[in-house]
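Data first, discussion second: the structure below is written as structure tokens.
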Amino acid sequence: MRKKVVAGNWKCNTTVAEGVALAKEVNDIVTATDVVVVLGTPFTHITEVVKTITNKSISVAAQNCAAEAKGAFTGEVSAAMVQSTGAKYVILGHSERREYYGETSEILNKKVALALANGLTPIYCCGEALPIRESGKQNEFVINQLQETVFTLSPEDFKKIIIAYEPIWAIGTGVTATTQQAQDMHKALRDAIATKFGNDIAQETSILYGGSCNASNAKELFASPDVDGGLIGGASLKAADFNTIIMSY
Ligand code: 13P
């Protein structure tokens, strides 16, 4: 049975004190045991948040890691550093990083390899912009994003990855993909994974939906057979809303 995962992406929000307070609230409110809950915090917060979490269902993620192992790369945070904080996951390939920080498939391949080499589980994001959706070429585009990156991994390494489908037009806009749009894409991605790595691996891969997923629409989205959870931005900053999303299974 593939894992159900609800991951929060706090993005560039909260001070350390605010983040620790939020993590404590989430820690205390979450009772679900069949859902893997992940808190994607800023780098600066990870060590403190890891110390705060006692709830066995909850792990911590970084939102990025460097494309180099170590060395003279001022301001970068390596996968080994992330691992040393106690974080277990790392969000990679988010559309905001692709768009604002120029992350290409080549850069992302280096990041994924370093994350895996350091025992981190990548939550690997993909998704199309509005013009691509309007042209009807979204499946082709998103599958190509995977073909250039995580589909180049060995089957053993691919098995360690979580995929997050995040249509860019749904991120932070309040416009969620319809349940049908999410299911259609997730099914297309699972089929592509089956073609590349075989049906057993495809059936075991968790594919999360992200983009204006909130306490009101999560239940409907998560009811789709190929939607295995969510990557949640804005709604993960409120413990009660985030817990409602977790309880939406
Ligand atoms: P929102 O849930 O705020 O739309 O953000 C989604 C997202 O980008 C999560 O990574």
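The values are calculated or read from the model by the stated rules, or taken from the named source; none is laboratory data. Because the structure is predicted, anything quoted here is derived from the model rather than measured. So basically every Cβ, Gly included, is an ideal-geometry build from the backbone, and we count neighbours across all protein chains shown.
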Restricting attention to region 94-110, the residues that are more than 18 Å from THR41 (Cβ to Cβ) and within 16 Å of the ligand (Cβ to nearest atom) number exactly 7
Which condition does LEU114 not pass, out of (1) touching a helix residue (DSSP H, G or I) at 6+ places or on another chain (Cβ under 9 Å); (2) closer than 21 Å to PRO225 by Cα, if it passes all the others? (2)
Scanning region 99-139 residue by residue, those surrounded by fewer than 19 Cβ atoms within 10 Å (Cβ to Cβ), acidic (Asp, Glu) and within 14 Å of GLN181 (Cβ to Cβ) turn out to be GLU134
Residue pairs qualifying under the 6 Å Cβ cut-off, at least six apart or on distinct chains, with the first in region 9-23 being within 10 Å of GLU48 (Cβ to Cβ) and the second being assigned to a loop (DSSP other than H, G, I, E, B), are GLY19/THR41
For VAL60, indicate whether it is in contact with a strand residue (DSSP E or B) (Cβ under 7 Å, 6 or more places away or on another chain), modelled with pLDDT of 95 or more and farther than 18 Å from VAL112 by Cβ. yes
Region 1-44: number of residues that are assigned to a helix (DSSP H, G or I) and more than 24 Å from GLN83 (Cβ to Cβ): 6
Complete set of residues in region 175-193 that are over 13 Å from TYR209 (Cβ atoms) and in contact with a Gly (Cβ under 9 Å, 6 or more places away or on another chain): VAL175
Just wondering, is there one or more residues in region 165-179 that are buried (at least 22 other Cβ atoms within 10 Å of the Cβ), under 16 Å from the mean Cα position of the chain (by Cα) and closer than 15 Å to LEU92 by Cβ? yes
Would you please name the residue that is nearest to GLY230 (Cα to Cα), looking only at residues in region 117-159 that are in a loop (DSSP other than H, G, I, E, B) and within 16 Å of the ligand (Cβ to nearest atom)? GLY127
Residues of region 189-202 being more than 18 Å from the chain's Cα centre (by Cα) and either within 27 Å of ASN243 (Cα to Cα) or of a type outside the set (Asp, Glu) (or both), in sequence order, are ALA192, ALA194, THR195, LYS196, PHE197, GLY198, ASN199, ILE201
